[in-house]
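Visitor: Below: one structure in structure tokens.
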Amino acid sequence: MAAMKRLFKWIAIVVLLSVLAMLCWLLTLWQRWPAAAAWVLFLAILAGALLTRYLWRKVRAWRTRSLEAEPVEKARAAERHPMTLQRQWKAATTLLKHSQLRRFRHPLQVLPWFMLLGRPGSGKSALLAQSGLAAPLDLPHELNDGKAPVDWWYFDKAVILDISGQFVQPEASQETRSTWNRMLDLLGRDRARAGLNGLVLTVSAQTLLSADGGGVVDEGRLIRTRIEQLIRLFDRRFPVYVLVTQIDSLYGMEAWSHLLTPEALDQAMGHVVDEPENGRDVRDVIDIALGRVNSRLKTMQLTMLLQHPDADPALLMFPTELARLAEPLKRYVYHALGDSPYLESPILRGVFFASAVQKGNTRSGPEDQQEIALQEAAHDTVKRGVFVRDLFNRVLPADRHLNRPVAVTSPWRRLNRHLGLFAWWLCVAAALGYLGVSVVYWQHTLDDLRQRYPATMAMNRALPHDMQMMIAQRDAIYWLENRNAQWASRVLAFQHQLLSVEADAKSQYVNDFSQYILPSLDKAIQQSTTADSIASHPDGLVNAIQVEVRRANLLRARLRGSSYGALMAMPPIPTPPLRLLYPALDSDTVSRFNDLFLAQLAWSTDIQQQNARLLHLQARLRQLAAQSATLDWIIPWANAQPDLTSVTLDDFWQGSLRPDKLPEVDAAYTLEGQQRIRAFLVEMRSSMPNDIAFDKKRAAFWHEYAQKRLQAWQDFAGQFSQGERILAGQGEWQSTIDRLPHDDNPYLRLARRLLTEFAEMPDDLRPGWLRVLPQWLEIRQRAHQQALVRVPGLVSDVGGMILRGTAQKGALDQTRSQLVGRLDAIRLYQEYQAAMTQAMNSVVISQAQATKVAADFHGFDSQQSGQSSLQTAYARLMSLRSLLGYNRPDEQLTWGLMAGPLQLVIRYADQQASCFLQSAWQDRVIAPSRWTLNQAERADKLYGDNGLLWTFLSGPIKPFIQRNDSGWQEVDTLGQSVPFTADFLPFINRALIRQVDLKAGKIALHQKQQQATLAQQQQKQRWQTVAAESGEKLAELNTAAAALKAKSYPVALTGLPTDVNSNAKAKVVGTLLTMQCTNATLRLNNLNFAVMQSVLWSQQQCGQVTLQIRLPAFTLTRSYPGPQGFVHFLRDFPGGARRFTPADFPVDKSRMAAVGLTQITVRYRIAGQETLLQDAAQLAQAERDIQSAQTRQQQAQQALLTLNRPSASESLPPLDTLPGLTMMSVPERIGQCWRGDIRLARENDGIGRLMSELVAKQLSDKP
């Protein structure tokens, strides 16, 4: 677990340092510093962190292993120890620091420091007191009275820290542990470099020999904990000495010491562990130490007995008594110094024995054998150090350099001990890095500046070249200025040198711009504003005025102290005019002119020169303004501004079509355009102070501009319904219908835009249509409010009028009438909106429902009042207009906008009706008419008395078309009708005429059908006779042929010798004639002598006949296949003989030629073949007659089958062959159904005409 924690700790440290390095590297890249800056920044941050930690530790005296005591525990410790550990330690170290040890080096590091650790009563303090080594440099009694946690002993060769025994008691309290930890802090602070040189563990012989072991096991474990803390404090292993005290309690020890000289008593008694013994088990080391001590004692024992024969007999018992310490001492040492896989292994350096006080009265042997034990006589207490002086004066100081590093060292602890020094070196490295980075940073800055700054600054008065030079200068200086303004540049060294470089570059830039660029601009403006130039390019004057106005205002602002940022925020010199003034420059170069000009203004310090330029610009502006009698040129200027856009129907209608010639409002006549014009005129006025002529032109311009602007918006609103032209298909129309009840419907958005555009216009100057808009929006707002909100609002509105008119006669009645009128208006608008909502909800459900709404609208009359929601909406809208009394012509526009949503819903319903009728036309007319056999039947089905066409006209399409004297035509209701295709109604009118022609054609067709039927019946009768005769003859012939095939014929065959041509080289060996029959097999083998065989042949039982002619080298074969094979054989031998040639055997022709065979004559004597051949001839003739009869019968059957099929005369002839119907065609489409542009209501004034019709209808309804 501890290893995992260390691993995770190191991983966390590595990750933290990696993240810090990554952040430093990213910051270096962001700031474009040299790569070395990342390391310097990393080391500086690390040094700052370590230095902060060091200072914090110094202030708080904090150590990682320290455990701070609670305030109550500290108070208790203070009560127990009047003189705290802190004061005692400070006094002790101060005493050392002020001693003469300063002559050597640091007083605290000169002498080795050893620590004595043992339980109370172990006699360690008495040993130090009786050693005779204490220097006169003792602490005052109140600081070293034995009750303090540490007693300081200053020996000549060592400093001994006598630690209070309370620290090794297992039952130590929390305050004791806190004191111990505090003491470790102090020890680690003062001996951080040298550390502890050794530890002496004291344990008394009485404790080891006690019956219960004296708790040495618990004491050893606690001591091991303290040793581990001391090792971890310095990361060093130091020598540990085990000192067994109070050995005077061993029987014979005093007798032994009496015989030793004083010099011998000052020596150390014990065993120093050699290097090879350190790797062994500590218990084995104890055995070795006691063994060697006992061996030495026994040797000395013999010497003493020889020198002192009358010595005390107890002398003999001392080695034995000393050996009794072995087992308890091994237990103690094992738990205090034994090896452990979790702890560092201490260095057991030696085991020693000593005594400080002798009392006598000791007994020999263990306690359970006291009845036989020997006892020394008691005497007065003698305080004498036995085997003590050399231990502290020679053995311990000699081992001051035996410290060893621990097996596992924590680098963080080593760093922590040298934190201050490490932080200092890091600071030094960071300071050197700071200077190096500064040098590298500025060197890179200068290198980058050299690359950015033009290598040669030769200005040749060629404008393209000079402009490029100025752009390069400006960019380089701007880059340098930003570079110097960065916080990194401000904190690095050597910045003032770069600032001087920046000032020199700016001065050079200002001089070059003033000398080469500004003169060219003045010249271009003068050339573009001549009379000839203005005549050919009218825009030249506008461009020149705009450029000069912006230049004058920027220059005047700079003279008033505006900064570079403030100049950047002002209107810039526009790029389009500069392109016309500088045609030789590319667009990128021209777009940089304003930046170049602002840089020249901001970096120039010559105030006098700038004042002169401003006066010159103002004089030129007056000249330019005087060249135009009016300011009308500012309208095209405003329209040309790239950030100003005209108002189009797309701003209100959400459609995807883009037809041509849609109404729009130019950008100059929008509110933003008005503000831009006003701002530009203010700029011109500020650039030309005290110009009275300009003020007159400006006043005349504003008067004319206001009229044109109002007319532009009035025209746009009058043609606003053309926005329906940009709606593509049913989806966009339905989306627009869904928006009508909400605030984002097109007509409401236009009304609000109009109020916004003319919000600053006084009411007395507004036209009638613009004065109606606020009241319409107010009525709409009140109608949408709840009654609890609407009525109090109306009362509040009218209350002001009541208060203002109380003094007038009849004012209350008039106010009451106004309130009632407003409530009635709200009610009518609510009814209008309810009817509209009902219609909109219906038309978007389906095509059938929309068709029903359209049918109700177009079929509406006085007897059906209230059945059409659209007609109800029209009626409520007209009632509202009559109630409000707005019937003046100039108010017509607003009422057209109010009726716009209603008109949109009607057109949507008509379009959906056209789609529904188109589907019905396909299902009820087109599709059924295609299921006909011929065109005549199709024409009858379409145009007959009960034809599909006439059924359709009396069906769903009936409400949308009507018939008069001139034929069928669309039903037009208040300027609206269902959109049919152009050829539908003409087709219906032509169909009426074609119906008569179809009837005449059908009569003529009936007569032709009768004639064709009669001729067909005669042909059918004739072919039936032929079929019957052929069937009878075919039956007779089949019977005769079957009888001949079943007849058998006896035939006798006699084979005769076979001859060949005389010059043949080979002779025929024999012939073999075979024939397979079901009743017998013919096999006539002729070996050139007569051989005879009879056969009973029948065509139904016999098959193929084979003739083989055998020669010495090969065999010739001739076959007669089929049931008639024997007949063919007989016919091949008409006289019984047959002469064969090589042509009869093409396969063996070459072999016959090889042996000289040209003729082979085969002979048979045949009897009984005449009858067989005669019957075979009859059978062949019968089969030919059967084939002929079958062919005749098939011809008759095929003719009858053809006659039984419907003939062409029974079906209608092609449609174009009927009289009068040659050019007639049925249209596939009759409804537009979202195809093409949706027709508006009778030209562009559809809304105005619609409202006029409504007004006329309303007036005609009045009594």
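Where a number appears in this text, it was derived from the coordinates with a stated rule and is not lab data. The shown structure was predicted, so the numbers you read here are calculated from the model rather than taken from an experiment. Because the Cβ atoms are built from the backbone with ideal geometry, glycine has one as well, and the counts that use them run over all protein chains shown.
Visitor: Counting other C-beta atoms within 10 Å, which of Lys708, Lys697 has the fewest, and how do the rest follow?
Guide: By the 10 Å Cβ count, ascending, the order reads Lys708, Lys697.
Visitor: Dipole magnitude of the range 71-417 about its Cα centre, charges +1 at Lys/Arg Cβ and -1 at Asp/Glu Cβ only, in debye to the nearest 20?
Guide: That gives the range 71-417 a dipole magnitude of about 2020 debye.
Visitor: Quick one: if you take sqrt(5λ) for each eigenvalue of the C-alpha gyration tensor of the range 319-406, what semi-axes come out, biggest first, whole angstrom?
Guide: So the three semi-axes of the range 319-406 are 33, 21, 8 Å.
Visitor: Need one word for the range 71-417: rounded, prolate or oblate. Basis is the Cα gyration tensor (sqrt eigenvalues a ≥ b ≥ c); a/c below 1.5 gives rounded, then a/b vs b/c decides.
Guide: prolate
Visitor: Next question. If you count, for each residue, the other Cβ atoms within 10 Å and average over each peptide, how do 606-612, 38-44 line up from highest to lowest?
Guide: The peptides rank, most packed first, as 38-44, 606-612.
Visitor: I would also like to ask the following. Could you give the C-alpha radius of gyration of the chain expressed as a fraction of 2.2 N^0.38 Å, taking N as the number of residues it contains?
Guide: For the chain, the normalised Cα radius of gyration comes out at 2.02.
Visitor: Just want the answer: with Cβ charges of +1 for Lys and Arg and -1 for Asp and Glu, which residue in Tyr334, Trp637, Ala37 is farthest toward the dipole's positive end in the chain?
Guide: Result: Ala37, furthest along the dipole toward the positive end.
Visitor: Could you list Trp180, Trp1234 so that the one with the fewest beta carbons within 10 Å of its beta carbon is first and the one with the most is last?
Guide: Starting with the residue having the fewest Cβ neighbours, the order is Trp1234, Trp180.
Visitor: Show me, for the range 1039-1053, the HN-Hα J-couplings you get by feeding each phi into the Karplus relation (A = 6.51, B = -1.76, C = 1.60, θ = phi - 60°), rounded to Hz, glycine and proline as x.
Guide: Taking θ as phi minus 60°, the curve returns 5, 5, 5, 5, 5, 5, 5, 8, 6, 10, 9, x, 9, 10, 10 Hz for the range 1039-1053.
Visitor: Moving on. Can you list, by residue number, the Cys in the chain that have no neighbouring cysteine C-beta under 4.7 Å?
Guide: Cys24, Cys427
Visitor: Ok, one more. How do Asp595, Asp743, Asp310 line up, fewest other C-beta atoms within 10 Å first?
Guide: Least crowded to most crowded, the residues run Asp310, Asp743, Asp595.
Visitor: What is the dipole size for the chain, taken about its Cα centre, with +1 at each Lys and Arg Cβ and -1 at each Asp and Glu Cβ, in debye to the nearest 20?
Guide: The calculated dipole for the chain is roughly 1780 debye.
Visitor: What FRET efficiency, computed as 1/(1 + (r/R0)^6) with R0 = 25 Å and r the Cβ-Cβ distance, is obtained for Leu1005 and Leu1201, rounded to the nearest 0.05?
Guide: 0.50
Visitor: To test your reading of the geometry: what angle, between 0 and 90 degrees and rounded to tens, separates the Cα axis of helix 768-784 from the longest principal axis of the chain?
Guide: Once rounded, the angle reads 70 degrees.
Visitor: I would also like to ask the following. Let me see the P(r) profile for the range 582-735: every Cα-Cα distance counted, bins of 10 Å, each bin given as a percent of all pairs.
Guide: Going out from 0 Å in 10 Å bins, the range 582-735 shows 9, 25, 27, 21, 12, 6, 1, 0 percent.
Visitor: Answer with one residue from Ser1098, Ser1150, Ala1167: the one whose Cα lies farthest towards the positive end of the charge dipole of the range 1017-1221, charges on Cβ with Lys, Arg +1 and Asp, Glu -1.
Guide: Ser1150
Visitor: Of the cross-linked pairs Lys5/Lys330; Lys1067/Lys1149; Lys958/Lys1008; Lys157/Lys330; Lys5/Lys90, which ones have a Cα-Cα span greater than 27 Å in the structure shown?
Guide: Lys5/Lys330; Lys958/Lys1008; Lys157/Lys330; Lys5/Lys90
Visitor: In the range 215-328, if the dipole is taken from +1 on Lys/Arg beta carbons and -1 on Asp/Glu beta carbons about the Cα centre, which of Ala264, Phe238, Tyr251 is farthest to the positive end?
Guide: Working it through, the farthest residue towards the positive pole turns out to be Phe238.
Visitor: Compute the long axis of helix 593-603 from its Cα atoms, compare it with the longest principal axis of the Cα atoms of the chain, and write down the angle in degrees, 0 to 90, nearest 10.
Guide: With both axes taken from Cα atoms, the answer is about 20 degrees.
Visitor: Right, here's the next one. Based on DSSP, what percent of beta bridges with both residues in the chain are antiparallel, to the nearest 5? Intermediate results must be reported in sequence, preceding the final value.
Guide: Numbers: 62 of 83 bridges.
Taking every DSSP beta bridge with both residues in the chain, the antiparallel ones total about 75 percent.
Visitor: Per q in 0.07, 0.10, 0.12 1/Å, what log10 I(q)/I(0) does a Debye calculation on the alpha-carbon atoms of the range 1017-1221 return?
Guide: -0.40, -0.61, -0.74
Visitor: Also: Treating only the Cβ of Lys, Arg, Asp and Glu as charged (+1, +1, -1, -1), what charge dipole size does the range 629-757 show about its Cα centre? Round to the nearest 20 debye.
Guide: Once rounded to the nearest 20, the dipole reads 360 debye.
Visitor: Given the rule -39500 (n - 2.57) for each run of at least 4 DSSP H residues, summed and divided by the residues of the chain, what is its mean residue ellipticity at 222 nm, to the nearest 500 deg cm²/dmol?
Guide: Dividing the helical sum by the residues of the chain leaves -18500 deg cm²/dmol.
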